[in-house]
Amino acid sequence: MLAGVFTGILLAAYLGPGPLGVYSYALSFIMLFSPVINLGYDTMLPRDILFEKEKWNEILGSSALLRLAGSLLAILSIEAFTWFDTSMLPEMKTMIRVLSLSFLFYPFDVFDIWFRVQMKSKNASISKITALVIINILKLYFIWQKAPLLTFAWLYVSEFIVNGILQFSFYIKTEPRKVKQWMATTQRIKFVLREAWPLLVSTFSFMIYSRIDQVMIGNMLNNEQVGIFAAAGKISDLPVALILVLNSTLYAYLAANFKNNRELFNSQYLLLTRLYTILSYLMLLIVLVFGGWIIAIYPHSFAAGTAVLKIEFIGLVFVFNSGIRNAYLSLSGNQKYLLYTTLGAAVMNILLNLFLIPAFGINGAAWASSISEFFALFLLNGLFPKIRYIFIVQAKGLIPVGLLKGI
């Protein structure tokens, strides 16, 4: 992870704000289509594997087939958009098309989820780390060779290829007979489509409010501003990656306790929420004090990203505070509230960006994201009686221990 950040910094320094903006815009653009691939089912797949162990072959086979179909649909949709958008530069269209090829290897994530549910996350981690190291070494080599921008788009795709091959190899090695038992059934596919559609809309909404800012900056300002905004985002993405790793590791334990010992689960949920929130406060303090020095790891042309970085870490408080929220919603069968909250946040983020980007530039986009995160991840939980428990837990996490004993 640290190696990836280091290489990303060197790549940003090599490319500069303009070319980095082209790359970041293209990446944000394709990610708007990525929910079509997993249908938002990623949060439910571990649950189904755990709770329906006798149907593991049907669950994995159907999930892999749906992901493959979704990958092809996403790529074709992107091609259609780029084909009919006459205002988009040829350089940008080529970049988008190359990056979208990474979608073909998203189905291999099924192996990653399987390993983590089976408490064999070592295999998944080795695959990801190996792919990351190989590609980062190649990035350093091509930076040294002063390679063109498109080279790094191909390297982005190559990381998915290497990781997919390794995940599949580990699965064949550890489960040599099981792969032949995989099967896709119409019944399971219908079940996934019926159960996952709220999560699909929710994931689309999440991608809009997490990625639309760079697309709107590119359309309303220029690629250089996208590059500066994206450079700050690379730093704030690091703690988010930490949350994702921790949650993927903890999910199986939390799911087992939710099923067998609800009281223990509730205490773990509150404890983790408090720990995550305290960690976010510490990071925010560091960034507020040393933000200028932190952004100085980039060349001086990225200096305007200091304010963006500080604003983004304000929003990260609510990201960390809600770190276990999605797992709770999935385990409790309340996925539909992800739809309501993220859809509302997506609409809010777009509206805020329309007003704040013209007025405050990339700082306005950062504020739009942070306000939307507060709205979607915290405030809206209190409006729905069935998930008000989440609001209470997160409120206890935000306020120092002891002040909410009466709740």
Name the residue that is nearest to M348 (Cα to Cα), counting only residues in region 188-202 that are out of contact with any Leu (no Cβ under 8 Å at 6 or more places or on another chain) and in contact (Cβ under 8 Å) with a residue 12 or more places away in the chain. E195
Among the residues of region 116-141, how many are part of a helix (DSSP H, G or I) and either modelled with pLDDT under 75 or surrounded by fewer than 17 Cβ atoms within 10 Å (Cβ to Cβ) (or both)? 15
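Looking only at region 305-362, how many residues end up being of a type in the set (G, A, S) and farther than 26 Å from A256 by Cβ?
In the first step, residues of region 305-362 are kept if they are of a type in the set (G, A, S); the result is 305, 307, 315, 322-323, 327, 330, 332-333, 344-346, 359, 361.
If we keep only those that are farther than 26 Å from A256 by Cβ as well, we get 305, 307, 315, 344-346, 359, 361.
Residues that pass the stated criteria total 8.
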Within region 364-374, can one find any residue that is over 17 Å from G233 (Cβ atoms) and either touching a strand residue (DSSP E or B) at 6+ places or on another chain (Cβ under 8 Å) or modelled with pLDDT of 90 or more (or both)? yes
Quick test for you: out of K259, K190, K173, K234, pick the one residue that is crowded, with 16+ Cβ neighbours inside 10 Å and basic (K, R). K234
Taking first residues from region 61-80 that are farther than 17 Å from F29 by Cα and second residues anywhere that are of a type in the set (D, E, K, R), the pairs with Cβ under 7 Å that are 6 or more apart or on different chains are S62/R188
Given (1) within 22 Å of G361 (Cα to Cα); (2) of a type in the set (A, V, I, L, M); (3) over 20 Å from the mean Cα position of the chain (by Cα); (4) surrounded by fewer than 21 Cβ atoms within 10 Å (Cβ to Cβ), index of the condition I295 fails: (4)
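Anything in region 311-333 that is touching a Phe, Trp or Tyr at 6+ places or on another chain (Cβ under 8 Å) and of a type outside the set (G, A, S)? List them, or say none.
Initial filter on region 311-333 (touching a Phe, Trp or Tyr at 6+ places or on another chain (Cβ under 8 Å)): 311, 315, 317-318, 320-324, 327-329, 331-332.
Passing the criteria: I311, V317, F318, F320, N321, I324, Y328, L329, L331.
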Working only within region 142-163, note down all residues that are crowded, with 16+ Cβ neighbours inside 10 Å and part of a loop (DSSP other than H, G, I, E, B). A147
Count of residues meeting criterion [assigned to a helix (DSSP H, G or I) and over 15 Å from I324 (Cβ atoms)] in region 221-266: 21
Just to confirm my filter: which helices (runs of 4 or more DSSP H) fall fully inside region 22-88 and include at least 3 residues that are of a type outside the set (F, W, Y) and surrounded by fewer than 20 Cβ atoms within 10 Å (Cβ to Cβ)? 56-84
Name the one entry in E312, E263 that is of a type in the set (D, E, K, R), at negative phi and without any contact (Cβ under 8 Å) to a residue 40 or more places away in the chain. E263
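Residues being assigned to a helix (DSSP H, G or I) and either aromatic (F, W, Y) or closer than 15 Å to F229 by Cβ (or both): count how many of those fall in region 267-315. If you could, list the steps in order and put the result at the bottom.
Going through region 267-315, the residues assigned to a helix (DSSP H, G or I) turn out to be 267-295, 300-302, 305-315.
Of the ones still in play, those that are also either aromatic (F, W, Y) or closer than 15 Å to F229 by Cβ (or both) are 269, 276, 281, 290-291, 293, 295, 301-302, 305-313, 315.
Total satisfying the criteria: 19.
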Reported set for region 266-280 where residues are free of Cβ contacts under 8 Å to residues at least 60 places away in the same chain and in contact with a helix residue (DSSP H, G or I) (Cβ under 7 Å, 6 or more places away or on another chain) is Q268, L279, S280
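Table: residues versus (1) more than 28 Å from M183 (Cβ to Cβ); (2) modelled with pLDDT under 90.
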{"residue": "S63", "(1), (2)": "no, yes"}
{"residue": "L72", "(1), (2)": "no, no"}
{"residue": "F81", "(1), (2)": "yes, yes"}
{"residue": "T86", "(1), (2)": "yes, yes"}
{"residue": "P90", "(1), (2)": "yes, yes"}
{"residue": "K93", "(1), (2)": "yes, no"}
{"residue": "R97", "(1), (2)": "yes, no"}
{"residue": "F103", "(1), (2)": "no, no"}
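The values are calculated or read from the model by the stated rules, or taken from the named source; none is laboratory data. If you're wondering where the values come from, they're calculated on a predicted model, not measured in any experiment. Cβ: placed from backbone, ideal geometry, glycine included. Neighbour counts: every protein chain shown.
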